[in-house]
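Note sheet for the following structure.
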Amino acid sequence: QDSSFLNKCNFIQKSYIIRAMKMFLLQKRLMEEKERKENENEASDELAWKYIGKAIHVMKSFSDKNNVVFVMVPLTFGDELQEIKLQTIAKEEYIPFVSTESITYQNTTLFLEHDGHLSPEGAKAVAELVVGYLNDNLEKN
C-alpha cells in the first residue's frame, strides 16, 4: 500500500509539474506572439513614415519645379509623435512648417459633433495659424 500511495503521489506531483510547464510554455508563447506583433507594427509604422516622407519629397520637388512655395500645415490633432516626425521631414526637405499643435480633439468646438472633421471654428483656427505664418514671412521678404 505504501508503494501504491507513493506512486499516486509521484503521479500527482508529476502532473502538476507538467501542467505548470505547459502553462509556462503557453505564457511564453503568448508573450513571444505579442512581441512579434509589436515588432510588425513598428516595421509597418516605419514603412508608412518612409512612404509619407517620399510623398512629401515628391510634392516639394513639384513645387520647386513650378516655382511655388510649399508650406507644410499638418493636422495632427495633438498627436505629438506625428508632429515631431513631420517637423523632422520638413527640416530635411527645407519645407516651412506651420505647427497646428493647438488644434486638438480636446477642444470640441473645433470639430463637428460625431464626425471628427473641422467645424467652421476649427477651419478658422487653422486659417488663423496659416495667416499668422504668411504675415510673419511676407514681411521678411
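Any read-out appearing in this document is the output of simple, stated calculations on the displayed coordinates, not a laboratory observation. Quick caveat, the model's predicted, so the values are computed rather than measured. Cβ coordinates were reconstructed from backbone atoms using ideal geometry, including for glycine residues, and neighbour counts include every protein chain displayed.
A compact table of results
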| quantity | calculated |
| --- | --- |
| For the range 34-82, convex hull volume per residue from C-alpha positions, Å³ | 70 Å³ |
| Candidate aspartates and glutamates for bridging to Lys91, where Cα separation is under 16 Å - those fewer than 8 sequence places away on the same chain excluded | Asp64, Glu83 |
| Where Rh is the Kirkwood radius over Cα pairs, Rg/Rh for the range 65-141 | 1.02 |
| FRET efficiency, 1/(1 + (r/R0)^6) with R0 30 Å, evaluated for Leu81 and Leu30 via beta carbons | 0.65 |
| Two-decimal Rg/Rh across the range 59-101, once Rg and the Kirkwood Rh are taken from alpha-carbon atoms | 1.02 |
| Within the range 39-99: Cβ-based charge dipole about Cα centre, in debye rounded to nearest 20 (Lys, Arg +1; Asp, Glu -1) | 420 debye |
| Rg/Rg_ref, the chain, where Rg_ref = 2.2 N^0.38 Å and atoms are Cα | 1.98 |
| Size of charge dipole - the chain - debye, nearest 20, with Cβ of Lys, Arg +1 and Asp, Glu -1, no other charges | 1040 debye |
